[in-house]
Structures are given as structure tokens and as C-alpha cells.
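For reference, the structure discussed in these notes is given below.
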Amino acid sequence: MDLTKAKRFLEDVIAHKQAVPFRRFCGGVGRTAQVKLVHTNGQGRWPAKSARFLLDLLKNAESNAEVKGLDVDSLHVSHIQVNRAPKQRRRTYRAHGRINPYMSSPSHIELILSEKEAEVRKEAEEGSRKTKKQGRLAN
């Protein structure tokens with residue numbers, strides 16, 4: 001996906017103009033008409049907090065590419081991956097002297113932007129092609 005298209009999509013998610021389709025983990029996810037254009041099940045949400053984090057990450061990667069001298073207009077997202085990070089432990093105090101865990105669920109986000117390579121057209125061949133036999137006979 002192009003960088004500008006990805007940023008526009010995340011801004012639309014934050015503004016509730018476009019929903020993120022839930023394809024795999026969609027149990028209990030409500031349906032919305034905005035997802036009908038993308039996926040058949042119609043289930044989607046607007047994860048604003050996640051969209052803000054990804055948008056900040058894309059803007060940071062864009063500025064890094066600009067500093068390195070890459071063409072910002074030809075950048076596209078070639079790889080993105082989100083993994084679980086170790087949980088951070090805290091405690092919350094409950095009634096009757098009990099204590100329960102109060103865990104956070106952080107994640108590691110891996111993002112790779114790369115420049116699109118210019119398409120090279122294949123040169124039209126001239127009618128003479130060597131077969132295997134002809135190649136062997138020539139040697």
C-alpha cells in the first residue's frame with residue numbers, strides 16, 4: 001500500500017469515515033455498512049488509539065526516509081508486523097484486603113517502507129529463437 005494511501009486510510013479511521021474490516025478475530029464485532037465495500041461479512045470497527053499509533057509511526061518513517069534522501073512520493077509499505085511484548089505487571093487493590101493483577105498489553109510494531117521500483121517493459125523478441133538442439137549443435 002502506498003504511504004499516502006495508508007496515511008489517508010488511518011486518518012479516515014480516526015474520523016469514523018472508513019472502518020477497519022475484522023476478518024479473523026471477529027467474534028462479537030458489530031456490523032457496519034462501511035465494511036461492505038471491502039469484505040463480505042460486514043464486521044468492522046474504528047480502532048482510533050491503534051490508528052493514531054500507526055499514523056505517528058508512518059509519519060516518523062516518512063521523515064526518516066526524507067532525511068536519508070529517498071523519494072517520499074514513491075514510498076510504499078512493503079512489510080508491517082505486530083507482535084506481543086512482555087506484559088508489564090502492576091497491582092490493583094480490591095475489597096476485603098485482596099489484590100489482583102493489573103497488567104498492560106504492549107506490542108512491538110515492525111514497519112518497513114521501500115521505494116517502488118520503476119517497471120521495466122520486456123523487449124520484444126525478434127522471431128529467431130534457439131532451441132536446445134540448435135544450441136548444442138552450435139557448440
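Some observations on this one:
- Using the 1.4 Å probe convention, the accessible area of the stretch 1-52 works out to 70 Å² per residue with neighbouring protein chains retained.
- Short-range pairs are left out: with C-alpha atoms under 8 Å and at least six residues apart, the relative contact order of the stretch 1-81 is 35 percent.
- Taking all protein chains together, V35, V82 sort by accessible area into V82, V35, largest first [probe 1.4 Å].
- Lysine pairs in the chain with Cα atoms under 24 Å, if 8 or more residues apart or on separate chains: 23
- Relative to the longest principal axis of the Cα atoms of the chain, the long axis of helix 48-68 makes an angle of roughly 40 degrees.
- Crossing angle, helix 3-14 versus the chain [Cα axis fit, 0-90 degrees, rounded to tens]: 20 degrees
- Relative contact order, whole percent, for the chain stands at 19, derived from Cα pairs under 8 Å and 6 or more residues apart.
- Taking the convex hull of Cα positions in the chain, its mean projected area over all directions (nm²): 18.1 nm²
- Normalising the average separation of contacting C-alpha pairs (under 8 angstrom, six or more residues apart) by the number of residues puts the relative contact order of the stretch 68-120 at 46 percent.
The values are calculated or read from the model by the stated rules, or taken from the named source; none is laboratory data. Since this is a predicted model, take the numbers as computed values, not measurements. Note: areas computed on protein heavy atoms with side chains; ligands, DNA, RNA excluded. Shrake-Rupley method; radii C 1.70, N 1.55, O 1.52, S 1.80 Å.
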